[in-house]
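All of the numbers you see were taken from the coordinates with simple rules; none came from a lab. In this text, all values refer to a predicted model and were calculated from it rather than measured experimentally. Positions of Cβ are backbone-derived with ideal geometry, glycine not excepted, and every protein chain shown enters the neighbour counts.
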Amino acid sequence: MSSRSVFVTGAGIGIGAACARAFAAAGYRVVLSDVLQPEGMQVTEDINAQGGDAEFVFLDVRNTKQVNAAIRDTERDGFDVVVANAGIARKKPFVELDDADWMETIDTNLNGSMRVLRAALPAMLRRKAGAMVVLSSISGIAYGWDKHAHYSASKSGVIGLIRALAVEFGGQGIRVNGIAPGFIRTAQSLSEEHSLGEAGLQAAVANIPLGRIGEPDDVADVAVFLGSDAARYISGQVLVVDGGLLVREA
Ligand SMILES: NC(=O)c1ccc[n+]([C@@H]2O[C@H](COP(=O)([O-])OP(=O)(O)OC[C@H]3O[C@@H](n4cnc5c(N)ncnc54)[C@H](O)[C@@H]3O)[C@@H](O)[C@H]2O)c1
């Protein structure tokens, strides 16, 4: 068993759960965190039942004290990889968006990522090694998503965070990268209220050169790569994982 370790936020379902399983399959000790306790516990049990080494900690990434305590209580001598995945997408026309709507999304997606990376950094700095992977989105990098200005702004914001931290901490052996998924089949994208829903996802396939909606594993495998030594010379980058959507012919 490798002694490498990873901390994943939003690990109860979707891309986060797939990341937890993929890192476990790669031999990592996995700390799963989420506000979805039963779901997170279930993934944790599954990993352990398959011979892995996983534990679950309840964590709302909007709560600085909880974030600091969760990392401190589980990091041992520091995580090799942190995956800042927890996020929400809420559909709201921009003129109806009030400050509370804006803050909820920014506080979860952007501030939440910042809190987790900040909490994990001191131990990584002590051991002069570590990799951070942050979930952005095609709507943070190049894709305008109507009625999702707050989401898009949060997902562009994490790209600034990734670049700044890559420069600030590269000299101390820490790599910081992001992933910008396209349409991935999860609760988020399947929400009729807040995203495309099943029919919308099916319609989107026509614009995806690889001819299918992405699966959480498609993203998780990239997270494992970015966290691994195979990505040792990659930092400050955001990998687009969208089946070719952004470069399709109009
Ligand atoms: N599904 C897609 O098509 C897609 C596309 C681009 C980016 N993303 C991003 O990927 C990440 C994972 O998304 P997903 O599709 O798996 O969504 P999902 O809704 O299936 O899962 C999101 C996870 O984040 C957790 N979460 C939400 N608020 C939280 C909080 N305050 N504290 C802790 N955990 C919290 C949820 O409980 C859940 O486990 C998100 O950041 C999302 O924005 C997803």
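Brief remarks on what is shown
- Sequence-separation-based contact order of the stretch 5-243, relative, with Cα cut under 8 Å and 6+ spacing, percent: 20
- Reachable aspartates and glutamates from LYS92, criterion Cα separation under 12 angstrom, eight or more residues apart if same chain: ASP101, ASP146, GLU193
- Over every Cα atom in the stretch 5-243, the radius of gyration and the widest Cα-Cα span, Dmax, amount to 16.8, 51 Å.
- Between the alpha-carbon centres of the stretch 1-75 and the stretch 92-169 there is a gap of 20 Å.
- In terms of packing, defined here as the mean over residues of other Cβ atoms within 10 angstrom, the peptides 28-40, 46-58 line up highest first as 28-40, 46-58.
- For the stretch 1-40, the square roots a ≥ b ≥ c of the C-alpha gyration tensor eigenvalues yield an a/c of 1.5 or more together with a/b exceeding b/c, which makes the shape prolate.
- Partners for LYS128 among lysines (Cα-Cα distance below 25 Å; same-chain residues under 8 apart left out): LYS65
- Debye, to nearest 20: dipole size of the stretch 5-243, +1 on Lys, Arg Cβ, -1 on Asp, Glu Cβ: 860
- In terms of surrounding Cβ atoms within a 10 Å radius of their Cβ, THR44, THR64, THR186 rank from fewest to most as THR64, THR186, THR44.
- Local electrostatic count at ASP80 - Lys and Arg +1, Asp and Glu -1, tallied over other residues with Cβ under 14 Å: +4
- Under 22 Å from LYS91, Cα to Cα: lysines that are on another chain or at least 8 residues apart: LYS147, LYS155
- The convex hull of the Cα atoms of the stretch 77-135, projected and averaged over all directions, covers 4.3 nm².
- Packing rank of 218-230, 79-91, where each peptide gets the mean count of other beta carbons within 10 Å, highest leading: 79-91, 218-230
- 15 Å beta-carbon shell around GLY112, net charge (K/R +1, D/E -1): +2
- For the stretch 1-131, a Kirkwood radius taken over Cα pairs fed into Stokes-Einstein (20 °C, viscosity 1.002 mPa s) yields D = 143 µm²/s.
- Counted by Cβ distance under 10 Å from GLY214, the other residues give a net charge of -2, where Lys and Arg count +1 and Asp and Glu count -1.
- For the chain, with +1 on Lys and Arg beta carbons and -1 on Asp and Glu, the positive-most of VAL167, GLY112, ASN177 along the dipole: VAL167
- Relative counts (whole %) of C-alpha pair distances in the stretch 113-250, using bins that are 10 Å wide: 12, 39, 32, 14, 3
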